[in-house]
Structures are given as structure tokens and as C-alpha cells.
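Accompanying notes for the structure given below.
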Amino acid sequence: MELNEIYTQILTEHNNSRRNKHPIENPTISLKGVNPSCGDEITLQLRVRAGVIEDAGFTGVGCAISQASASIMIDLIKGKTTKEALRLANLFFGMIKGEIKDEGRLEELDEAVALKDISHMPARVKCAVLGWHTLENAIEGKKE
Amino acid sequence: MNPWAEDFPILNQKMNGKRLVYLDNAATSQRPLPVIRAVDEFYRTQNANPHRGLYELSVKATQRYEDARSAVRKFIGAGEDCEVIFTRNASESLNLVAYSYGMAFLREGDEIALPVSEHHSNLVPWQMVAKAKGAKLVYLYPDRDGRLTDEEIDAKITKRTKLVAVAHVSNVLGSVYPVRKIADRAHAAGAVVVADCAQSVPHRRVNVQELGADFMAFSGHKMMAPMGIGVLYGRKELLEKMPPFLRGGEMIEYVHEQDSTFAPLPQKFEAGTQNVGGAVGLEAAIRYLEGVGYDRIQKTENELLNYTLDGLAEIPHVVVYGGTRNRENRGGVISFNVEGVHPHDVASILDADGIAVRAGHHCAQPLMDYLCVNSTCRASFYFYNTKEDADAFLESLRKVRGWLGLGA
């Protein structure tokens, strides 16, 4: 494992940025996501109108990987339909599990591709997917 | 050069291309070759189901198992072999006391007193007892230096207290709690004392007579024995009046269709085939540990603790939890955080340099809440750690904030 493949500029910028890390106005969905084993905890808020994610934000505490991953995810899903967001989440899960390696297919994950090497760090996979699993549960109407 | 390197082959390997620096000894220790060989020898030449067979091999296995029990009895200063119950680990030992003593003898309105820093294994079982029996959990809160003051002990242990659960050494703060003083106070109040010595027995001599606790639990794996063998010491008169914990083979006297009578101590609490290989390994670990000597263990760990705490004080943005002033009477456990960096990121960055530390809530979530932190990193020493290990740790830690784009 090379640290510079994990703690990239994209990751540290997102981790240090508050751009997506704040409550949003008039959320239609608000859902907590937790990794009980490490204590990471985020609350994801979405404002969905006519099937489109108009705005999204998150709050909470967690490691750089979980926080950056959630922030990158929000950049990616804003303005997309919930169906599209779910498809991207599944693509992300495939990448993190190391099942989807094809760069062409992963291209649409944009900055989230910076998290690809987490697939070589089994202990950190759950950090990378926390925000995305919360998104999946939020859209599918699952409770915490 | 590490004088113990030959005995601990696992320490001589590389992790991520770097020399392994193992600083997670509070989670589990490493095993020296004499322990590994003793277990190997048992399975090669003496293995059979103990207490059962009438043939020579089984008699040998029984002898090895009971010899291990005697070795533990001497090691902890217990009065009789039957006061030593073999379990899987300290957690099982503490659960045994909670399920058997706690469920049988605690009543509605009774109080169970315990420090908020207890490991979940000496806290969650008491929550169960309290809920089932209508008893109340009363917490003792350590001061800024991680100590339990006399005032706190006197205020929380009262005539309503029926049981006190306390760790000898905190697995997060490294504090050494005054078990003897607590036990004297508890006994005067008519309460029994359950001491979790998982973090003390590997590092300092624990004599149950001097400790004063009625029950004492520890794990083999934190003191170089295999995983899966642990000990519960209990005072004989208490163990005798307690109902069994697990029921089944080996722990009975007579079994009828509707009723059973139980075997005498210690078999009453050892249902099913026991971990004889583990007990043999534990005996070998005791021999090895006594060969090293507690004086030397204490001296080495205290030097490492002092050196590392001094080093940490020089690194900006590092916060240490627990007492840093009274270092003489403190375990070799250092919990810390790097400001602005989550403990899991710290652990991953140290891991890239081959350094193994723990990050998380350390099975002490109520303490994390009390300290107002989500989680911490923890470095913990054993006698086979060296100054070079501490240097590697400190050097790697200096780089952590840089990896996250933060100023040093």
C-alpha cells in the first residue's frame, strides 16, 4: 500500500472542505449512517423533487476517507435523478470491492476514482462506502 | 538489537516493506517460541480428552491440564487450585460472574458500582444484570489525571452497593486503579469486588490475596499464551454457593430425567471439553514471563512510557489522554489523537511505516463519551519493545498531518 495513492490531493481537499459538509435547506430526506465498529457517523440530507436530487449535504464525524468520499459523492449526485444516483452508487461499490477495474466504465465516477486504491485496504473499505450506503438507504426509503 | 528478537520470530518480519513495530500489546501480545513449542509438544505427544479416559494418554493430558491450574494458582497467589477456573478469556470470566453470581444474588434496588472507563467486557454484563434484576449502575469518574480519588470512591461505594466491578489497569488511560482500597471500602459496605486484571497480570505481579478482590479475571493471550485460554479466580466460598454458568458434559455429578447435581469445583464451571492445549501454553507463558521477571518488564515499559510521553509532548497537535504526570504507577498504554486527523487515518499512515497501533473506541464507549471524543489512537508496550520502536513511532507520527494537507 502506498499512502500517496490513498491520501491524494483530491481526498485531502474534500476532507478539509466544508463545501458539502453542512445541513441543506428544506431537505425531503434525512438519514443517519453509522459504522458502529469505528464510531464514524454521518447524516445525509437530500432535497428530492420530481425524482431529481436538487440539493444534498452531510454532517457528522469520521475519518478523512469517509468524509472525503461523502463529499465527492455529493458533487456527483447533485442534479441527477435518484435512479441515476443509485446506479452510480453501485458502480462505486463495484470499484471499491475491486470487481470493476475497467477505467472506461469508472470514468463517470469522476473524482471518486481517486478512492479506487481503497480496494487494496480491506480495513478502510467500510469508511469509503459509508456515505454511499447511506445514500442507497435514503433513496430506497430504508431506515437507519 | 532487540534482546528478545530470537524468541519472537513474528517481530522479525517486514510490514509494508518496513520493520514491524508492534505497539498493540494491550489488544494482544505476541508469543515466544517456548510457548509455541509447549503447545506443539502437547498436541504431538500428550493430546487426549482430559478427565474422561481410563487410558494412559488421557491421564497424561489430565495431568498437564491440572498442572497448568496449579501453576496459575501459584502465579496469582490463590489459596487452592479449585479457586482457578479456566475460561476462554477475561470476557468469559467476567460473564461467568455476571450470569452466575450477579443473576443469583443481586436484587432490585441494589447498586453496582464501576468506573466509567471499564472495558465493555466488565460493563455490558453488569448492564444485563442491572436490567434483569432492577439493580442500578453507579459510575465512578476518574479525574483529569485518570485517577479515582478517595472522595469519588467513598461517594459511590455505599451501603447500597452490592457489587463493585473495576479494572486493575485501564486499557485506554493506563491508570492503575487502587483495587485494594476499593475492595476494603466495598467489603466494609458488604459488597463483593470483581477485578478485571486483563491489562495488569501481563505487566505487574498480581497476588489475589493482596489485591483483595473476590473475583479476578485475566486473558492468556495478552501475556504470551495462545488465544482462547483465560482465567477466573474466585474465592472458594463464593464459587461454591454460585449456580453453574454453562451446563453439560464434565460439570455434573448425577443427571436424572428431571434434575441434576453438579460436580465440585472447579469442574462445576468447566462444562465440555476444555482447552488443554491453551492451558499448557498458559503455563509455558507463566514460566517465560517469570523468566523475564516483572521487575525487568516494569522497568522496560516505564522507560518506554517516559521516553514516548516526552517525545509526544514535543510534537505539535498531539493530545494525550490519561495521566502524564504520575508515570511511576501507570501502565504502558498511551491513548492520543492528532488534531484534525481521524484516528483511523493516523493508524493507516503509521501502518504504511510498519507500525501497528490501535484506533477506535477500544471497547470503552462510555469513557469516550466522558472524554468527549469519538475515538482515539492507542500505542501500548510490552517488554520486548525497544527505544527504536518508540523512535519509529514518533517519527512516523510527525508526518501524519502532512499527509492530510494540514500544517505541522
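The values are calculated or read from the model by the stated rules, or taken from the named source; none is laboratory data. Here the structure is a predicted model, which means the values were calculated and not measured. Using ideal geometry, Cβ is built from the backbone for each residue, glycine included, and neighbour counts are taken over all protein chains shown.
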Sort out which residues of the stretch B:163-188 are more than 22 Å from B:F218 (Cα to Cα) and charged (D, E, K, R), and write them in order of number.
B:R185
Given (1) in contact with a Lys or Arg (Cβ under 9 Å, 6 or more places away or on another chain); (2) assigned by TED's automatic domain parsing to the domain that holds B:V166; (3) surrounded by fewer than 17 Cβ atoms within 10 Å (Cβ to Cβ); (4) not hydroxyl-bearing (S, T, Y), index of the condition B:G212 fails
(3)
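Give me a count of the residues in the stretch B:349-397 that are more than 19 Å from B:T28 (Cα to Cα) and hydroxyl-bearing (S, T, Y). Explain how you work it out, then say what you get.
Pass one, the stretch B:349-397, residues more than 19 Å from B:T28 (Cα to Cα): B:349, B:352-353, B:365-375, B:387-388, B:391-392, B:394-397.
Okay, now just the ones that are also hydroxyl-bearing (S, T, Y), so B:370, B:375, B:396.
So the count comes out to 3.
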Would you confirm whether or not the stretch B:202-209 contains a residue that is part of a helix (DSSP H, G or I) and not β-branched (V, I, T)?
yes
Just for the stretch B:326-357: of the residues that are in a strand (DSSP E or B) and under 25 Å from B:L404 (Cβ atoms), which one is nearest to the other protein chains (Cβ to nearest Cβ)?
B:V341
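Taking the stretch B:393-406 as the search range and keeping residues that are within 17 Å of B:A313 (Cα to Cα) and surrounded by fewer than 20 Cβ atoms within 10 Å (Cβ to Cβ), which one is nearest to the other protein chains (Cβ to nearest Cβ)?
Narrowing the stretch B:393-406 to residues within 17 Å of B:A313 (Cα to Cα): B:393-401.
With surrounded by fewer than 20 Cβ atoms within 10 Å (Cβ to Cβ) added as a condition, the list becomes B:394-395, B:398-399.
Working: B:L394: 18, B:E395: 15, B:R398: 14, B:K399: 9 Å.
Among residues in the stretch B:393-406 that are within 17 Å of B:A313 (Cα to Cα) and surrounded by fewer than 20 Cβ atoms within 10 Å (Cβ to Cβ), the one nearest to the other protein chains (Cβ to nearest Cβ) is B:K399.
If you check B:T158, B:T149, which single one turns out to be more than 26 Å from B:L96 (Cα to Cα) and surrounded by fewer than 21 Cβ atoms within 10 Å (Cβ to Cβ)? Don't jump to the end; show me each part of the working.
On the way: B:T158 fails: more than 26 Å from B:L96 (Cα to Cα).
From the options B:T158, B:T149, the qualifying one is B:T149.
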Identify, please: which residue in the stretch B:358-382 is surrounded by fewer than 24 Cβ atoms within 10 Å (Cβ to Cβ) and more than 11 Å from chain A (Cβ to nearest Cβ) and is, among those, farthest from B:V338 (Cα to Cα)?
B:P366
Using beta carbons and a limit of 6 Å, which pairs, at least six apart or on different chains, have the first residue in the stretch B:219-240 and touching a residue at least 12 places away in the same chain (Cβ under 8 Å) and the second one charged (D, E, K, R) and in a loop (DSSP other than H, G, I, E, B)?
B:M224/B:R31; B:G228/B:R88; B:G230/B:R88; B:R235/B:D214; B:L238/B:D214
Looking for something outside any helix (DSSP H, G or I) and assigned by TED's automatic domain parsing to the domain that holds B:Q209 - is there at least one such residue anywhere in the stretch B:62-77?
yes
Positions within the stretch A:22-78 being within 14 Å of chain B (Cβ to nearest Cβ) and assigned to a loop (DSSP other than H, G, I, E, B), in sequence order:
A:P36, A:S37, A:C38, A:G39, A:G62, A:C63
Flagged in the stretch A:5-21 as assigned to a loop (DSSP other than H, G, I, E, B) and within 12 Å of another protein chain (Cβ to nearest Cβ), in numbering order, are A:Y7, A:T8, A:S17
Name, by its number, the condition in (1) of a type in the set (A, V, I, L, M, F, W, C); (2) in contact (Cβ under 8 Å) with a residue 24 or more places away in the chain; (3) in a helix (DSSP H, G or I) that does not hold for B:V166.
(3)
Tally the residues that are out of contact with any helix residue (DSSP H, G or I) (no Cβ under 7 Å at 6 or more places or on another chain) and buried (at least 24 other Cβ atoms within 10 Å of the Cβ), restricting the search to the stretch A:111-137.
1
Looking only at residues that are free of Cβ contacts under 8 Å to residues at least 12 places away in the same chain and assigned to a helix (DSSP H, G or I) in the stretch A:91-144, which one is farthest from A:L11 (Cα to Cα)?
A:G104
Matching residues, the stretch B:121-141, being more than 20 Å from B:P178 (Cα to Cα) and either assigned to a helix (DSSP H, G or I) or not assigned by TED's automatic domain parsing to the domain that holds B:T161 (or both)
B:V124, B:P125, B:W126, B:Q127, B:M128, B:V129, B:A130, B:K131, B:A132, B:K133
Determine, yes or no, whether B:Q199 is of a type outside the set (V, I, T) and touching a strand residue (DSSP E or B) at 6+ places or on another chain (Cβ under 8 Å).
yes
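Test B:A90 against the criterion of being surrounded by fewer than 17 Cβ atoms within 10 Å (Cβ to Cβ), closer than 23 Å to B:F245 by Cβ, touching a residue at least 60 places away in the same chain (Cβ under 8 Å) and not assigned by TED's automatic domain parsing to the domain that holds B:Q365, and give yes or no.
Working: surrounded by fewer than 17 Cβ atoms within 10 Å (Cβ to Cβ): no; closer than 23 Å to B:F245 by Cβ: yes; touching a residue at least 60 places away in the same chain (Cβ under 8 Å): yes; not assigned by TED's automatic domain parsing to the domain that holds B:Q365: yes.
No: the conditions fail for B:A90.
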